[in-house]
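Q: Please read through the structure below; I'll follow up with questions.
The values are calculated or read from the model by the stated rules, or taken from the named source; none is laboratory data. The structure presented is a predicted model; accordingly, all values stated were derived computationally and were not measured. Cβ sites come from the backbone with ideal geometry, for glycine too, and all protein chains shown count toward neighbours.
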Ligand code: PMP
């Protein structure tokens, strides 16, 4: 039996999403740019999905640009604004945070190489950003501030409304990487003060390889320079024939998530708390990051003195992560936990468990038992060795 506790890495496709996609993979395969009946059917499906995605953010459908995922959306937001905004008379200054995903940090570093001034703000021991530090970093000429909504490793939620107000009061644009929270937590681009929002379908029971970027059209109008040139699709922001089945899947996934949002949020939080309580009862276990505010399905726990990859090998039934899946191709201690001041030993002893729609009470109880047994066995071996 497999217990999948890695929903922050990716999620299974919801069968209802697959059903929505199926006609666009088989019969209705037209190119949405074509003027004939099949092209129009595909274009109509894309526009329905655009409406569903926009509704999840309380945005205008014309503000949604479909991409291949959140990595591309972050690159388009950061590099696109940097080039598009240069004309707006602002300094080449971008502000972000040390615990961002590499898909934000790496484009920011690229901007630095291109001559931008980059401020990367520190966080406290629980991963929180001090709003006063943001206020001190942003000037009246700062171009862009990029701060994620939910952290993928600890689940910590940044107070977007408060942080965006600080940035926008100085005239800076505010981008958020909402990959982990999109559809799961309420987001409203006007109330939350968001100018650009990145998201991805595969974290939300949609297909891999599709996502999008919200780009504000009014008050202020965000000027983006495209990364990909060609046929001028997506209002010139992103050329290339649209991934119709993927986009349909993203739209359906967003609509389903929003419809069941509050119930699912409470259910997953209850399961997470149950798992976390059992894990923290294990000798030497400590939580990384705060209890709240946090993404409902995430807990990150360190098992003092142990090696997390070895621990996971002792319980092959349990699928969980030792570092963000996206960076674990490169073996290096998590930069997120490092920014929180954790030493390499504690980082190396930490496991992220992320729950989701497939998770049951039996899953969390069995996982807690298996982790307890693996830790006990590891400690026995250590004592013997
Ligand atoms: N940002 C965050 C916070 C993420 O968790 C991820 C996925 N690990 C990404 C960006 C990248 O998303 P995608 O896989 O859609 O490129």
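Q: If I filter the stretch 30-42 for residues that are in contact with a strand residue (DSSP E or B) (Cβ under 8 Å, 6 or more places away or on another chain) and either part of a loop (DSSP other than H, G, I, E, B) or assigned by TED's automatic domain parsing to the domain that holds residue 113 (or both), do I get at least one hit? Break it down stepwise before answering.
A: Of the stretch 30-42, the ones in contact with a strand residue (DSSP E or B) (Cβ under 8 Å, 6 or more places away or on another chain) are none.
Among the residues of the stretch 30-42, not one is in contact with a strand residue (DSSP E or B) (Cβ under 8 Å, 6 or more places away or on another chain) and either part of a loop (DSSP other than H, G, I, E, B) or assigned by TED's automatic domain parsing to the domain that holds residue 113 (or both), which makes the answer no.
Q: Here's something else I'd like to know. Any idea how many residues of the stretch 149-191 are more than 16 Å from the ligand (Cβ to nearest atom) and either touching a residue at least 60 places away in the same chain (Cβ under 8 Å) or under 21 Å from residue 264 (Cα atoms) (or both)?
A: 10
Residue by residue, here is whether (1) more than 27 Å from residue 10 (Cα to Cα); (2) more than 16 Å from the ligand (Cβ to nearest atom); (3) touching a strand residue (DSSP E or B) at 6+ places or on another chain (Cβ under 8 Å) holds:
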site	(1), (2), (3)
51	no, yes, no
63	no, yes, yes
79	no, no, no
103	no, no, yes
116	yes, yes, yes
135	yes, yes, no
139	yes, yes, yes
142	yes, yes, yes
147	no, no, yes
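Q: Test each condition in (1) crowded, with 22+ Cβ neighbours inside 10 Å; (2) over 24 Å from the mean Cα position of the chain (by Cα) for residue 365 and report the one that comes out false.
A: (1)
Q: Checking the structure you have, find out if any residue of the stretch 207-227 is touching a residue at least 24 places away in the same chain (Cβ under 8 Å), under 12 Å from the mean Cα position of the chain (by Cα) and either in a helix (DSSP H, G or I) or surrounded by fewer than 24 Cβ atoms within 10 Å (Cβ to Cβ) (or both).
A: Looking for residues that are touching a residue at least 24 places away in the same chain (Cβ under 8 Å), under 12 Å from the mean Cα position of the chain (by Cα) and either in a helix (DSSP H, G or I) or surrounded by fewer than 24 Cβ atoms within 10 Å (Cβ to Cβ) (or both), one finds none in the stretch 207-227, hence no.
Q: Can you give me the number of residues within the stretch 53-66 that are surrounded by 21 or more Cβ atoms within 10 Å (Cβ to Cβ) and in contact with a helix residue (DSSP H, G or I) (Cβ under 6 Å, 6 or more places away or on another chain)?
A: Keep residues of the stretch 53-66 that are surrounded by 21 or more Cβ atoms within 10 Å (Cβ to Cβ), which gives 53, 56-57, 59, 63-66.
From the residues that got through so far, the ones that are in contact with a helix residue (DSSP H, G or I) (Cβ under 6 Å, 6 or more places away or on another chain) too are 53, 56, 64-66.
Qualifying residue count, the stretch 53-66: 5.
Q: Additional query: Just one of 80, 69, 125 is exposed (fewer than 15 other Cβ atoms within 10 Å of the Cβ), in the same structural domain as residue 179 (by TED's automatic domain parsing) and modelled with pLDDT of 95 or more; which is it?
A: Details: 80 fails: exposed (fewer than 15 other Cβ atoms within 10 Å of the Cβ); 69 fails: exposed (fewer than 15 other Cβ atoms within 10 Å of the Cβ).
None of the others qualify; the one that does is 125.
Q: Also, I was wondering about something else. Kindly indicate which of 65, 46, 81 is more than 16 Å from residue 202 (Cα to Cα) and outside any helix (DSSP H, G or I).
A: Working: 46 fails: outside any helix (DSSP H, G or I); 81 fails: outside any helix (DSSP H, G or I).
Only one candidate qualifies: 65.
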